[in-house]
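The values are calculated or read from the model by the stated rules, or taken from the named source; none is laboratory data. Keep in mind the model is a prediction, meaning the values are calculated, not measured. We place every Cβ from the backbone using ideal geometry, glycine too, and count neighbours over all the protein chains shown.
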Amino acid sequence: CNEADLGPISLNWFKELSSEAQP
Amino acid sequence: RPLEQTEIADLPACDSLSPGNLQLVSKLKNPSGSCPVDVSAVWWEIAGLKTPCIITACEYVVSLWKALDTWQWEKINSWHFTEVPVLQIVPVPDVSSLVCVALGNLEIREIRALLYSSDGAHEKQVLLGSGNIKAVLGLTKRRLVSSSGTLCDQQVEVMTFAEDGGSKGRQLLMPPEETILTFAEVQGLQEALLGTTIMNNIVIWNLNSGQLLTKMHIDDSYQASVCHKAYSDMGLLFVVLSHPCAKESEPLGSPVFQLIAINPMTSLSAGVMLYCLPQGQAGRFLEGDVKENLAAAVLTSGKIAVWDLLLGHCMALLPPVSDQSWSFVKWSGTDSHLLAGQKDGNIFVYRY
């Protein structure tokens with residue numbers, strides 16, 4: 001698949017989403 | 001030898017188009033009579049040694065079979081149920097001498113842990129949960145996740161096992177506002193748990209904190225997709241789905257499994273690979289199992305098909321044996337074998 005189609009990628013997505021999500 | 005033993009069967013006939021890489025090594029003849037529903041391979045401690053065993057589930061009986069030296073099987077214990085039939089076996093990784101089963105009619109009503117020790121002192125069932133259970137999965141680190149209740153009061157719970165099969169602790173995860181169909185662990189991210197929902201969404205939890213991190217919609221081309229495997233790589237989440245509701249008349253053939261990539265930061269997804277049947281083969285996904293890079297499915301045609309997920313090819317097509325359609329298939333959790341079951345109760349063990 002073309003990575004450009006999926007938007008900006010973060011290798012630390014799990015950590016980033018955990019810090020943004022409701023506790 | 002006990003009467004309830006197996007025989008070494010002849011290799012089933014494979015047509016020249018589909019010899020595949022499956023080699024029959026053993027046949028387990030289940031004399032229990034009632035309708036077989038599931039099979040699993042587990043480790044069990046017998047006389048102090050961890051031994052590869054097979055668990056078979058019929059409607060009202062779950063049996064434990066020990067491997068003998070000659071690829072034969074000896075039944076060493078059975079657990080009987082009288083009121084609610086068994087729906088599926090729920091193996092729990094990292095746990096030996098214990099297996100869970102889900103019981104119910106159309107939906108799961110109970111989850112039980114089954115224990116047995118060869119000294120006969122600890123043969124028992126432990127009721128782990130009851131009610132309107134929608135989905136259940138055994139997780140690494142001796143854990144079991146289940147979702148129960150209706151949409152308004154849906155509860156997602158992770159239970160950790162104690163040595164005796166009882167509950168050591170329970171933790172609630174934040175429920176999504178839609179019914180969960182299946183769970184999957186995320187390889188490469190030990191503390192992540194994935195769920196698929198009835199609305200064709202994928203949700204991700206943080207198992208440490210119980211947080212619901214994100215809800216991502218996947219392509220509506222295939223409804224009620226079931227997740228068999230998920231892994232995180234290079235910032236993307238890769239998910240192997242099956243499509244029980246896919247039509248056989250798709251222009252690309254019959255997609256049985258699909259690999260999609262999702263960017264969890266943007267919730268955008270893209271199809272990576274469709275796993276279709278070879279030309280000239282018909283059939284839809286009935287049920288299946290994925291282990292590492294191998295996916296196996298029982299098809300509506302009565303055959304079993306095996307794909308290499310990395311190569312994208314269908315590697316083997318196993319026709320019905322003795323005119324008996326296959327009804328379920330599982331990869332062994334103890335080695336690289338495929339366990340295939342028929343409605344008459346026979347279980348075939350293939351080396352791949």
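Just a few scattered comments:
- Any chance B:LEU181 is over 23 Å from B:ILE260 (Cβ atoms) and surrounded by fewer than 20 Cβ atoms within 10 Å (Cβ to Cβ): no
- Among strands (runs of 3 or more DSSP E) entirely within segment B:54-130, having at least 1 residues that are of a type outside the set (Ser, Thr, Tyr) and in contact (Cβ under 8 Å) with a residue 60 or more places away in the chain singles out B:73-80, B:98-104.
- Of the listed requirements (1) touching a strand residue (DSSP E or B) at 6+ places or on another chain (Cβ under 7 Å); (2) over 20 Å from B:ALA224 (Cα atoms), B:VAL290 misses just one: (2).
- Qualifying residues in segment B:218-239 (those that are in a strand (DSSP E or B) and within 14 Å of chain A (Cβ to nearest Cβ)) - the one nearest to B:ASN200 (Cα to Cα): B:VAL239
- Pairs with Cβ under 7 Å, 6+ apart, first in segment B:262-273 and facing chain A (nearest Cβ under 7 Å), second of a type in the set (Ser, Thr, Tyr): B:PRO264/B:THR214; B:MET265/A:SER10
- B:GLN281 surrounded by 16 or more Cβ atoms within 10 Å (Cβ to Cβ) and not in a strand (DSSP E or B): yes
- The number of residues in segment B:168-198 that are part of a loop (DSSP other than H, G, I, E, B) and over 20 Å from A:GLN22 (Cβ atoms) comes to 4.
- Any hit, segment B:249-258, residues being at pLDDT 90 or above and closer than 21 Å to B:SER147 by Cβ: no
- The set of residues in segment B:255-273 that are surrounded by fewer than 18 Cβ atoms within 10 Å (Cβ to Cβ) and over 21 Å from A:GLU16 (Cβ atoms) comprises B:GLY271, B:VAL272.
- Extreme residue, modelled with the lowest pLDDT, among residues of segment A:3-22 that are within 7 Å of chain B (Cβ to nearest Cβ), loosely packed, with under 14 Cβ neighbours inside 10 Å and outside any helix (DSSP H, G or I): A:GLN22
- Residue in segment B:317-330 that is touching a Cys at 6+ places or on another chain (Cβ under 8 Å), in a loop (DSSP other than H, G, I, E, B) and not hydrophobic (A, V, I, L, M, F, W, C) present: yes
- Inside segment B:162-199, residues that are away from chain A (no Cβ under 14 Å) and under 13 Å from B:VAL239 (Cα atoms) make up a count of 5.
- Residue match in segment B:301-309 (condition: buried (at least 20 other Cβ atoms within 10 Å of the Cβ), at pLDDT 90 or above, of a type outside the set (Ser, Thr, Tyr) and within 18 Å of B:ILE198 (Cβ to Cβ)): no
- Residue within segment B:331-346 that is surrounded by fewer than 19 Cβ atoms within 10 Å (Cβ to Cβ), of a type in the set (Asp, Glu) and closer than 27 Å to B:MET234 by Cα present: no
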